Ligand code: BGC
């Protein structure tokens, strides 16, 4: 029996074992049917046609070369976008060649980087994570999916679920931050948003978990660099967000650029074949990153394209993005250097995903849906909500914000005051002219008693300084050693300060920045991120108090580059009291989980339901949260745990839960968290989760640096 058959056989067995009529069992039946179709199709395919399916091409348009290659069955997928995006018409024309002019009519799958929106551009992913709302993340990706699908995209290269702890690394902007638990939750939410319950239904696209794995740990924060990640850290920190996405049904995974402890991710059999495909039971396909297969030569583990291709396919990379080394695989099979079973497995997985997407039934995209992809009022409303919930208030001296019910003259100044390019690094088909700038948002939403000017004058009461880093300073291959505001903007703020007027600084950034100077010159500081199409409106909602800030940081903001890496869930040393630098503490400027509100939330009355619990027990931890102010507000209540003594050293704190609650003025709510011993497992030497007896600290808190503290014990 070949590999593919073994996989199918074992999955079939799983069906039989789970023989009931739950939605899951129906899905399994559908998959079984698909797999038998895949099996039949595979039998009809020549070796050359199989190898062709493993190739994802990049071509700015349909030229003779591409057309001939498709006809010869050499193209399994096309990367749409980057230099040129195929219109639906062009896409269908290309598809028609595959369907009508190839021997077997296997459809092409079209992939595109749908990162934080397609036409309606939402805040960058790092910002979205600061909403701490899986629901909103799911909805944003669902809108993105529907717009992309209407434009002929079958497959989104997202979500990126790389845990990211280095602000120098430009791609931190694409991530959901530094915490594994949050990354896992948002990974699932994003996959649900893209794929829905049935990925073949209208408006859904295939998700792609990327970059597998450990890409965020790039040495020195320099993009693409090698990574040194212990097996334990890999399993505890970097793999769980992928596993969560696989369990949510993600149908593709992209391998990463980085070298992991000496073996590039693209050639990493241990992680792709063993961990992802075997242990996690991932049954979709793995695509390499851009050029990454051929780059195995530059990594220094392959001497030529032939070797590079063999390393990648053997490691479990099913489809090669852009480079053409896999074309060599036909000869390699013929020369008995590679088993055809390995090719069959890869092709089987790709065909499986194409069937799941419904491409065999509906290979073409309807021309009539394109207009539906434009940003509508409803979608803009969602983008506005997400943008305002993702902004994080870091300072609000003497409650200068909100600027409400005041007759006031506001000057909106700074490099970003009229900026439309606040859509992050990946902008897909977002249009600058559709973006509401900070200035226009503040002007259009102002009450009649507010006057807005573009410069500071004698009548100015308050200055809103819009500063930040442009989308070309972060993103892929855009790492920085200096994480202060660029372009002399600190000096600009200092000069502004001399005017003697209060300054509210709004920062439009793609990474945690060193804001020490900004804090000194500003009465209030709001992190805006790159908020997308509704930038100005979302900002106005917060500035004028129509909404109350509720975003909380999902990455620590360091005091300086010298503190990096700085994240909340570090492990202790034997001398935790001596962890500071000579010239600086080890604490960041703002910790993970931090974010202010116009309300004032008080935490009291922590109750841990049991002091001791056995291995099968669970316990409830509760606290009373009171809104001690006269404005309604939303608070993200966080639960942290520390395993005090274990068989391996544990982080000083680990996020184990959170709730987003809204409280009316003076309202109190008791927030309960249930912890099962299963939530407290550690990995043994074989990376199997086990429950270890012993004492734990627990906190319910407003951020990772504070909290009401209790304790409990798991009995022997
Ligand atoms: C990036 C991926 C992206 C791919 C295709 C690569 O350079 O690392 O995240 O999906 O290009 O555009």
In region 287-307, anything outside any loop (DSSP other than H, G, I, E, B), touching a residue at least 24 places away in the same chain (Cβ under 8 Å) and away from the ligand (no atom under 13 Å from the Cβ) is listed as 296, 299, 306
Check your understanding: If you check residue 126 against the conditions, is it within 30 Å of residue 636 (Cα to Cα), assigned by TED's automatic domain parsing to the domain that holds residue 42 and in contact with a helix residue (DSSP H, G or I) (Cβ under 7 Å, 6 or more places away or on another chain)?
Key -> yes
| said: Condition check: closer than 21 Å to residue 291 by Cα and either touching a strand residue (DSSP E or B) at 6+ places or on another chain (Cβ under 9 Å) or more than 16 Å from the ligand (Cβ to nearest atom) (or both). Does residue 30 satisfy that? | reply: no
From the option list 152, 203, single residue qualifying as over 14 Å from the mean Cα position of the chain (by Cα), more than 16 Å from the ligand (Cβ to nearest atom), in the same structural domain as residue 350 (by TED's automatic domain parsing) and surrounded by fewer than 24 Cβ atoms within 10 Å (Cβ to Cβ) is 203
Per the filter on region 213-264, residues part of a helix (DSSP H, G or I) and more than 24 Å from residue 195 (Cβ to Cβ) are 217, 219, 220, 221, 231, 232, 233, 234, 235, 236, 237
Pairs returned, first residue in region 210-231 that is free of Cβ contacts under 8 Å to residues at least 12 places away in the same chain and assigned by TED's automatic domain parsing to the domain that holds residue 274, second residue that is away from the ligand (no atom under 12 Å from the Cβ) and in a strand (DSSP E or B), beta-carbon separation under 7 angstrom, 6 or more apart or interchain, are 219/227
Note: among 322, 354, just one is at pLDDT 95 or above and within 16 Å of the ligand (Cβ to nearest atom), namely 322
Screening 396, 457 for residues that are touching a strand residue (DSSP E or B) at 6+ places or on another chain (Cβ under 8 Å), outside the structural domain of residue 90 (by TED's automatic domain parsing) and farther than 23 Å from residue 133 by Cβ leaves only 457
If you go through 229, 313, 272, the only one that is crowded, with 22+ Cβ neighbours inside 10 Å, more than 16 Å from the ligand (Cβ to nearest atom) and under 16 Å from residue 162 (Cα atoms) is 272
Looking at region 260-282, can you tell me whether even one residue there is touching a helix residue (DSSP H, G or I) at 6+ places or on another chain (Cβ under 8 Å), outside the structural domain of residue 680 (by TED's automatic domain parsing) and within 27 Å of residue 562 (Cα to Cα)?
yes
Checked region 87-117 for anything part of a loop (DSSP other than H, G, I, E, B), at positive phi and within 16 Å of the ligand (Cβ to nearest atom); matches are none
* Got at least one residue in region 462-478 being loosely packed, with under 15 Cβ neighbours inside 10 Å, more than 16 Å from the ligand (Cβ to nearest atom) and farther than 30 Å from residue 375 by Cα? -> no
The residue from 158, 190 that alone is in contact with a strand residue (DSSP E or B) (Cβ under 7 Å, 6 or more places away or on another chain), under 22 Å from residue 255 (Cβ atoms) and within 15 Å of the ligand (Cβ to nearest atom) is 158
Counted residues in region 416-426 being touching a helix residue (DSSP H, G or I) at 6+ places or on another chain (Cβ under 7 Å) and either farther than 15 Å from residue 453 by Cα or at pLDDT below 95 (or both) come to 5
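The values are calculated or read from the model by the stated rules, or taken from the named source; none is laboratory data. Source: prediction; values computed, not measured. Note that we place each Cβ from the backbone using ideal geometry, even for glycine, and neighbour counts take in every protein chain shown.
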